[in-house]
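Everything on this sheet refers to the single structure shown next.
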Amino acid sequence: MPILQPASLQAEDLRGVWVIFLATALVVAAFVYALIFYALIRWRDRGQAKMPPQFKQNAPLEIIGVIIPLLIVIGLFYITYVREVANDALHANPYATVDVKAFRWSWTFSYPGHNVSITGTPQAPPELVLPANKLTQINLYSADIDHSFWIPAFLFKRDALPGFPNHFDLTPNKIGVYPGNCSEFCGLDHALMTFTVRVVPAADFERWLSTHATGSLSSGAFAPQNATIARRANNVIVRLKRVIVSLSNDPEQRPKDASRRARRP
Amino acid sequence: MITWLTTTNHKRIGILYMATTGVFFVIAGLLALVIRLQLAQPNETLVSASAFNQLFTLHGTAMIFLVIAPFGFGLANYLIPLQIGAPDMAFPRLNALGVWLFIISGLVVFSGAFAAGGAAFAGWTAFAPLSGIQISTGAGEDLWIIGLLLNAIATIIVAINFITTILLYRAPGMTMWRMPVFTWEMLATALMILMAFPALAAVLFELLIDRHYGGHFFDPAQGGNVVLYQHLFWFFGHPEVYVMILPYFGVVSEIIAVFSGKPIFGYVGLVLSAFAIAGLSMSVWAHHMFTTGVVANAFFSAMSFLIAVPTGVKFWNWIGTMWGGRIRLTTPMLFIIGFLLNFLIGGITGVMIASPPIDYHAEDSYFIVAHMHYVLGGGSLFAVLGAVYFWWPKMFGVKLSETLGKWNFWTMFVAFNVVFLPMHFMGLEGMPRRVYTYAATGDLPWLNLVSTIGALLMALSVMLFILNVILSSVILSSVRHGERVVEGRHGQLPDDPWGGCNSLEWATSCPPPEFNFTALPPIRSERPTWDLNHVSR
């Protein structure tokens, strides 16, 4: 069963939280189930005439019953807090930036400064191309109503809300193609509001960007090319382009205070 | 018939409530069955996307507002005056207004199905702007809003009545600290209702103004705020979750003590934990909004974790009640044990998703669907059935069949887990909630198929329950006509048909006379009936 198999650096940390919580959950559930079944078997009515002892309370036991769960949740909260702060922090210098715009019922992925924009439809979901082992910052917008951008392989989602852009970092670290979807119910074709994420080596990503930098695309088909020399030449051009672009970049396009946490509107 | 329509008697009103929730439960259950059939395999075309969205909207709305919560109000209506030794509720006519508003609210919500464009399809949460006039153009959404406004008013009325009755109408000797745990839990529930339901009424009014009177509360194009809707809705929505569980914590506490042959363990702790939950429930609403990126996740996460402590106290005390007792596995007790086993899973997954790093994956996935059904289905609904089996003889003077009841329990317990356990894995594999179809990838096809088979088994189990009810009414009518004698006195059950009952409702006849008690036993502890029946000790 392909669950909790992280395909990004951030997801590996998130998976750590899942593992700790699942382990705690199993221990607690096993303990409580054991108590319940022990009581049921040990003290099941077998027609004994003797009245059971009519005790009503036991102060030390009851205090233990408060303290143990309290200690458990304090521990769990500590783990949660540390990992959440780390996860929500934004890197100041992302390798790539993608603007994701959700609309009923598909997505537009555009790469600011590269003149690449991919818009899908419910019938032809778009593809989000990301470089492997490089940090990509996602700027998430909604064109109409509440949506949510979920990539299960990254164990992560964030809501796309009209008027409240969100920003977060992704560092995919496994080459491959992963499904993604809208997880906030948004009407008729919510179920078809899917997309795929294609994680490719950084060099291929650069080449893909440059070959598609001609304008908007209706579909983001990723066509790998094997001409190494052409690719290397291309990479030089791409890097030059990046420098020019970064010099001419409109500052309004980027999150203003990118080193701070992303939760300000 | 006319006497039922015009009644102000709390017992009849309670039965009206519970019978109505029974009808709504069957309808909402059938909707769920269609949902499960549509999802039995990928790319199924049993219903259209539009119909599917209406189905789950009505299913959720009905189960929450018309079944699980109001059954608790009905049961409390029936039991509170009996448990505190009062002749009726404080405001009997207001009580009648409440039940009829509730029944009408349900009819209004369901009438949306006949409106042009069909019923509301924006989900039971009706997030704006999805529920706005530009998208939800039909009258179905308006009927949904108006129905729930009536429901909110009915619920506030019932809460005022509970609080007044509990504080002012207790019999001599029935001090607050001698009240049964169920009555205590209802007091906490009523206080939560008074805090939470005005927020629901407000947000529904704002939605209505947005839709028809040129308001822009939630319209981002006009400077409205979509997050405001979520805040207002969940400020109501989370306490509502506890409105749907605290009454059943009370039910569990009552039944588990009787069939363990012991007083409830840690009475004071159980009462205090109810108020701790009620208080904390007001400060956790934004844990439904961890993925919005605009709320203080750490605060709401911490408060949500804390709720695990009073809930843990309850489990501890219920086990303490069984400990060293003499446990009789009657049908009501089986359902309560089912409650413990299922609710524990729902409670533990609840602690998990109180952690934002986990919620980032789980939110709005089938993991959440599994979690909430383990809490409200495996928890509340099992307690509902336990309560029906337990108090049926008190209400109607005849027991439901124990044999059928045990079949009912075992089929329900197995079916419930077959339906909902696989949903955890669907969610982890990436299946979002509220989708009418899904891709045939990974394990989703077989997990969904298993879940649907479980749903069919569950339908069978509900039929066993209905059969049991019909059978008992047949027995009842033959008793009334003197053709038959049921255990105990001629044609009548003893006051305490289960033996070993604690609270005051078991010290009067089955069913009780119109004003409940011809004579009250002395009340010297929280278990007056036990004291009465064990005088020699």
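The values are calculated or read from the model by the stated rules, or taken from the named source; none is laboratory data. Everything quoted here is computed from the prediction, not taken from an experiment. Heads up, the Cβs are rebuilt from the backbone with ideal geometry, glycines too, and the neighbour counts pull from every protein chain shown. Each accessible area value is taken on the protein alone, full model and side chains, heavy atoms only, with ligands, DNA and RNA left out. Shrake-Rupley method; radii C 1.70, N 1.55, O 1.52, S 1.80 Å.
What the table below lists for this structure:
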quantity	calculated
Residue order for B:GLU240, B:GLU526 - accessible surface, 1.4 angstrom probe, largest first	B:GLU526, B:GLU240
Average other protein chain Cβ within 10 Å of Cβ, residues A:49-59	6
The range B:1-87: relative contact order as a whole-number percent, Cα under 8 Å and 6+ apart	48
Principal axis dimensions, largest first and in whole angstrom, of the range B:230-360 by Cα	52, 24, 21
Charge context of B:LEU532, other residues only, Cβ under 11 angstrom, K/R +1, D/E -1	-1
Value at 222 nm in deg cm²/dmol, rounded to 500, when DSSP H runs of n ≥ 4 in chain B each add -39,500 (n - 2.57)	-22000 deg cm²/dmol
Rotationally averaged projected area of the range A:81-154 (alpha carbon convex hull; nm²)	6.2
Tensor-based shape of the range B:371-415 (alpha-carbon gyration tensor, a/c under 1.5 rounded, otherwise prolate or oblate)	oblate
Convex hull (Cα only) mean projected area of the range A:129-209, reported in nm² to one decimal	5.4
Value of D in µm² per second that Stokes-Einstein yields for the range B:1-147, Kirkwood Rh from Cα pairs, at 20 °C (1.002 mPa s)	129
Percentage relative contact order, chain B, counting C-alpha pairs under 8 Å, at least six apart	16
Principal axes of the range B:17-57: Cα extent on each, largest first, Å	39, 18, 10
B:ARG211 - accessible surface, heavy atoms, 1.4 Å probe, Å² rounded to 10	10
Crossing angle, helix B:139-168 versus chain B [Cα axis fit, 0-90 degrees, rounded to tens]	30
Partner chain coverage, peptide B:214-227 - average Cβ within 10 angstrom	3
Per-residue average of Cβ from other chains inside 10 Å of B:433-446	3
Volume in Å³ per residue [convex hull over Cα atoms, computed for the range A:153-196]	80
21 Å Cα-Cα threshold exceeded, pairs from A:LYS134/A:LYS157; A:LYS56/B:LYS406; B:LYS11/B:LYS394; A:LYS134/A:LYS174; B:LYS262/B:LYS314; B:LYS11/B:LYS314	A:LYS56/B:LYS406; B:LYS11/B:LYS314
Positive minus negative residues near B:PRO172 (Lys, Arg vs Asp, Glu; Cβ under 14 Å)	+3
For chain B, diffusion coefficient by Stokes-Einstein and Kirkwood Rh (Cα), 37 °C, 0.692 mPa s, µm²/s	138
Tail fraction, Cα-Cα pairs, the range B:357-438, threshold 17 Å, whole percent	57
Ranked order, B:ASP531, B:ASP443 - accessible area, probe 1.4 Å, largest first	B:ASP531, B:ASP443
Solvent-accessible area of A:ASP13 with every protein chain in place, 1.4 Å probe, in Å² to the nearest 10	80
Rg/Rg_globular for the range B:318-473, with Rg_globular taken as 2.2 N^0.38 Å and Rg from C-alpha atoms	1.18
Cα long-axis angle, helix B:297-322 against chain B (0 to 90 degrees, to the nearest 10)	30
Overall Cα dimensions of the protein assembly as shown, principal axis frame, Å, largest first	100, 56, 43
Burial order of peptide ranges A:152-160, B:43-51, B:97-105, B:451-459 (average beta-carbon count within 10 Å, highest first)	A:152-160, B:97-105, B:451-459, B:43-51
Using alpha carbons only: equivalent-ellipsoid semi-axes of the range B:416-466, gyration tensor based, whole Å	24, 10, 9
FRET efficiency, B:LEU167 to B:ALA519 (Cβ-Cβ, R0 25 Å, nearest 0.05)	0.55
Estimated inter-spin distance, A:VAL82 and A:GLN5, nm [label 7 Å along Cα→Cβ]	2.9
Area projected by the alpha carbon convex hull of the range A:26-106, averaged over all directions, nm²	12.5
Net +/- balance of residues flanking B:GLN83 in space, Cβ distance below 15 Å, scoring K and R +1, D and E -1	-3
Among beta bridges that DSSP assigns inside the protein assembly as shown, antiparallel share in %, nearest 5	65
Cα centroid separation, the range B:258-332 to the range B:366-435 (Å)	19
